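The values are calculated or read from the model by the stated rules, or taken from the named source; none is laboratory data. Remember, it's a predicted structure, so these values are computed and weren't measured experimentally. Glycine gets a Cβ as well: all are built from the backbone with ideal geometry, and neighbour counts include every protein chain shown.
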Amino acid sequence: MLAAPLAPAATFAQGWAAERYQVEDRKSGYLYLGDQTQALQDDDFLNHAFFAVERGAELWSAVDGAAGVSCASCHGDAAESMRGVTARLPRYDSERDGIINLELLINRERERKLKAEPYAYESEDLLALTAFLAFQSRGIPSEVEIGGAAAPFFEKGREHYFPRRGQLDLSCTQCHDERDGMMLRGDRMSQGQTNGFPFYRLSWHSMGSTHRMFAWCNNAMRAEPYAPASEEYLNLELYVAWRGRGLPIEAPAVRR
Ligand code: HEC
Ligand code: HEC
């Protein structure tokens, strides 16, 4: 069952007011779920994604790599040191001269500080540590920086969102803005917000990252998906996070 440090989360979930799922006209995917799926997300003890959070908590404190340290050796209690970090991601990173997200930050810390191998993108361990860290920002409004050095990358992300692409000649905006709330093959179309990631998707029977969802949507449009961690998806992740600005981090969410 849940490790002791996570237990207070259950009380927190129960105090999560309904209006937290909408900010102005921006709505969390939670509001489009059926009652049963909402109930799964509402209860940290039923929420499938909490297996990943628990595993992430273990990885946080596990010594790994040639340096002989763990994340916790330097950062201590993640509830304090990592609170709010996810709400400001993704962001511009001068070393990459591009956008960095939570997954890539975790892997960079593994390589540099632990002297350990990076996790494969979309691996169970990377999803677990991502879920654990994102969970530390639960309830904090997402607020990403799009000005300054981030601006050209933000523009590229916006340029992915609006044009039609693929054999069906569809754009992100045609489904997630124009068809907001309509049914598509058993799914109620949401606004495609990212404040719940990484999430547990019932139809996948697994956790999934933002980039896996982007690839799934690209496939739904019959468009060639990009690779996870590609510049294309990192820029798109920044644009989509800004589009949902103010929505509180809800990770780890449950979706259909
Ligand atoms: C053919 C319609 C369609 C298109 C086009 C489409 N999506 Fe989606 N998208 C879906 C469906 C269906 C779902 C699952 C139900 C839901 O959450 O809306 C989804 C879910 C999502 C989610 C998860 C939302 C949540 O709350 O969990 C994100 C993020 C997303 N889409 C982003 C995008 C982006 C970015 C694009 C453009 C590259 C895009 N989608 C294009 C149909 C589409
Ligand atoms: C040797 C000490 C050390 C270890 C071990 C370490 N970190 Fe860090 N971490 C730092 C320092 C110092 C910074 C801030 C400056 C920098 O980026 O190096 C940082 C920054 C971060 C940030 C960015 C925080 C922010 O406010 O944007 C994240 C996320 C992070 N670390 C996660 C991890 C994870 C996950 C691990 C384990 C895989 C880890 N760290 C291991 C020292 C460490």
Seminar exercise, completed: Scanning region 39-85 for residues that are more than 16 Å from ligand 2 (Cβ to nearest atom) and without any contact (Cβ under 8 Å) to a residue 24 or more places away in the chain, the one nearest to Arg112 (Cα to Cα) turns out to be Phe51
Problem set entry | Cβ-Cβ under 6 Å pairs, at least 6 apart or on other chains, region 167-182 side within 7 Å of ligand 1 (Cβ to nearest atom), far side outside any loop (DSSP other than H, G, I, E, B) | Cys172/Tyr161
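For region 114-124, how many residues are touching a residue at least 12 places away in the same chain (Cβ under 8 Å) and away from ligand 1 (no atom under 16 Å from the Cβ)? If you could, list the steps in order and put the result at the bottom.
Just the residues of region 114-124 that are touching a residue at least 12 places away in the same chain (Cβ under 8 Å), to begin with: 114-117, 119, 121-122, 124.
In the following step, the residues that additionally are away from ligand 1 (no atom under 16 Å from the Cβ) were identified as 114-117, 119, 121, 124.
Residues that pass the stated criteria total 7.
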For this session: Confirm whether Glu95 is surrounded by fewer than 17 Cβ atoms within 10 Å (Cβ to Cβ), touching a Cys at 6+ places or on another chain (Cβ under 9 Å) and modelled with pLDDT of 95 or more.
Result: no
Exercise. Taking Glu111 and the conditions (1) surrounded by fewer than 18 Cβ atoms within 10 Å (Cβ to Cβ); (2) in contact (Cβ under 8 Å) with a residue 40 or more places away in the chain, which numbered condition does it fall short on, given that it satisfies the others?
Worked result: (2)
Exercise. Which one of these does Val144 not meet: (1) within 16 Å of ligand 2 (Cβ to nearest atom); (2) farther than 20 Å from Asp93 by Cβ?
Worked result: (2)
Exercise. Does Glu117 satisfy being over 24 Å from Pro141 (Cα atoms) and either at pLDDT 95 or above or not in a helix (DSSP H, G or I) (or both)?
Worked result: yes
For this session: Quick one: in region 167-199, of everything that is under 25 Å from Asn47 (Cβ atoms) and small (Gly, Ala, Ser), which residue is nearest to ligand 2 (Cβ to nearest atom)?
Result: Gly196
For this session: Would you mention how many residues in region 149-166 are under 16 Å from Ala241 (Cβ atoms) and touching a residue at least 40 places away in the same chain (Cβ under 8 Å)?
Result: 8
For this session: Go through region 162-196 and give me each residue that's closer than 15 Å to Asn219 by Cα, out of contact with any strand residue (DSSP E or B) (no Cβ under 9 Å at 6 or more places or on another chain) and among the basic types (Lys, Arg).
Result: Arg165, Arg185
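Being surrounded by 14 or more Cβ atoms within 10 Å (Cβ to Cβ), touching a residue at least 60 places away in the same chain (Cβ under 8 Å) and aliphatic (A, V, I, L, M) narrows it down to one residue among Ile100, Ile106; which is it? Show your work before the answer.
Numbers: Ile106 fails: touching a residue at least 60 places away in the same chain (Cβ under 8 Å).
After applying the criteria, what remains is Ile100.
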Problem set entry | Only one of Leu127, Leu89, Leu133 that is touching a residue at least 40 places away in the same chain (Cβ under 8 Å), under 24 Å from Leu236 (Cα atoms), away from ligand 1 (no atom under 16 Å from the Cβ) and under 13 Å from the mean Cα position of the chain (by Cα) | Leu133
Problem set entry | Pick from region 43-90, criterion among the polar types (S, T, N, Q) and not in a helix (DSSP H, G or I), ranking: modelled with the highest pLDDT | Ser70
